[in-house]
Structures are given as structure tokens and as C-alpha cells.
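What follows draws every value from the coordinates through simple rules; no lab data is involved. These figures come from a predicted structure and were not determined experimentally. Please note: Cβ atoms are built from the backbone with ideal geometry, for glycine as well, and neighbour counts cover all protein chains shown.
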Amino acid sequence: MPSRREEAFVLTRYPVRERDLVVVLLTRASGQVRIVARRARTLRSSQATAMEPLAHIRVTYFERAGAELATLDEAEVVRSAFPLAGNPPAWAAGQVVCELALLYCPPGQRVEPAFRLVDRCVSCLLDGHEPASVAHYAELWFLKLGGVFPELDRCGVCGVDLPEGARIYDPADRHFTCPEHRPARSAVRISAPGARWLVRASRLPLEEVTEPAPEDAAGWLFGLREHFTDRQVQSWRYLRHLLEDST
Ligand SMILES: [Zn+2]
């Protein structure tokens, strides 16, 4: 059986059979990989820490041709996300990032930019970045990496540059428009602050995006993701709940 050594993030894990654990990884070189950790309950503690959600790890695993699950050989922690456990909103934002990675990075596709995005999000959360802004940034960038994020600065009909300020979005044709090409019905308006957040987040590193998206921009991002992936992100409910509690 060929073995592989990779850098990865633990996206999620679940128990199988009596003592095994399936761990879903986003690897730098091979995208999403599912590995089974046999007798996970008896793993050495360093290995167990490496199987914690959001952990950045180096892992060696065996792959058998045609098998759905690889088998864990060894794992070591590069950076644990354990400190986030003491900050529930940051932990929840990390869960949103993981869920998005699961949605956008199917097994068998190499997605190094997605790996770098998850890396940046988890690092920022560990460095104390505002949690909702991280989750919104991940929503925007997974759409961009998926190639389904519309151009913000040009009318999708005539190509004219759109000035700063509020934006009109055509949900039927999925592009922004100038006032002249505003769709006759169902136009979605994004306020000037919402549009400014989208422009900034699509151009700047996460470190410089310290505010969550305004509500209209966030709602628009969710609508776009639901359209393309047909899925809701359950962790958002938890994150929202925690953020409401803290205000
Ligand atoms: Zn136009």
C-alpha cells in the first residue's frame, strides 16, 4: 500500500464501529481525504490531539486503490486549535469555515487555494480576529475560489465600470448591473456599506478585514452559496446565537 505524507486541517470526525474514528481532512496537496484511525480511543495522546477539529497537522496515511477510506499511519500537530475552545464564537466561526470547506472541496479535487484560505482563517481566529468577519470572509472566498462570485465593479450587461456606492444585483442572471440595466423585477439592492465590505473583502487579506459584513451583504453571500451548493451551513445558527448573546 502506498503511503502519503501531507499537511492537513482536520475538518470533522465521527466514530465508526466500536473504537474507530473517521477523520475528514483538507490536505494541501490532495484536497479532501477521509482517513480511518483504528482504535482511536487507544491512540497516544499526541495522536489524539492531532485528530481534534481545526488542528493543523502533518499526517501519514495509506491508500488502497478503490478504497473510500485511507488508513492513518501517523499524525503530528503543527498548530492545535485547542485555544479556541475557550472562546465559543471563535470556535463556532471555525466550524463554519470547516463546513464550507466540506461543501466546496469534494474528495479527489486538488484545492490548494482552499487549504490556504482555511489556514488563514484558523490562524486569524487563533490570533483573536473578530469571529463573524472570519466566517463572512470565508463565505466570500469559497465562492470566489469556486468561480461563482460575480464581478463587483462592472455591469454584467454592458461592462461599464460601476461607481462606488450601493449595488444592484440581478439574481436571475447573477450579475451586478448599472442603473440602466437594472432588471425589471426582483433586483436586489446592496447598500453602500455592504458593497464596500464586499469590495474590501474580495481584495484585502483577512488580517485587514476586521468588521463583519453588513447584514444585506451577508444575506446576499448566503443566498449565493445556497444557490450554488444547495446547502445551508448549520454552524451559522450556533455562531449567530452566540453573537446575539454577547451583544
Ligand atoms: Zn449596464
Relative contact order for the chain: what percent, with Cα pairs under 8 Å and sequence separation of 6 or more?
16 percent
Using +1 at the C-beta of Lys and Arg and -1 at the C-beta of Asp and Glu, which of A93, L198, P15 has the Cα lying farthest in the positive direction of the dipole of the chain?
P15
With only Lys, Arg, Asp and Glu charged, each at its Cβ (+1 for the first two, -1 for the last two), find how big the charge dipole of the stretch 75-135 is about the Cα centre; round to the nearest 20 debye.
100 debye
Can you tell me the order of 7-17, 61-71, 96-106, 191-201 when each peptide is scored by its average per-residue count of other Cβ atoms within 10 angstrom, highest first?
96-106, 191-201, 7-17, 61-71
Given +1 on the Cβ of Lys and Arg, -1 on the Cβ of Asp and Glu, and no further charges, what dipole in debye does the chain carry about its Cα centre, rounded to the nearest 20?
760 debye
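What FRET efficiency would be calculated for the residue pair L152, T49, taking the C-beta separation as r and a Förster radius of 35 Å, to the nearest 0.05? Numbers along the way, then the final one.
Values: r = 41 Å, r/R0 = 1.18.
That pair, L152 with T49, gives E of 0.25.
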Picking from H181, F142, P163, whose Cα lies most toward the positive end of the charge dipole for the stretch 109-247 (charges on Cβ: Lys, Arg +1; Asp, Glu -1)?
H181
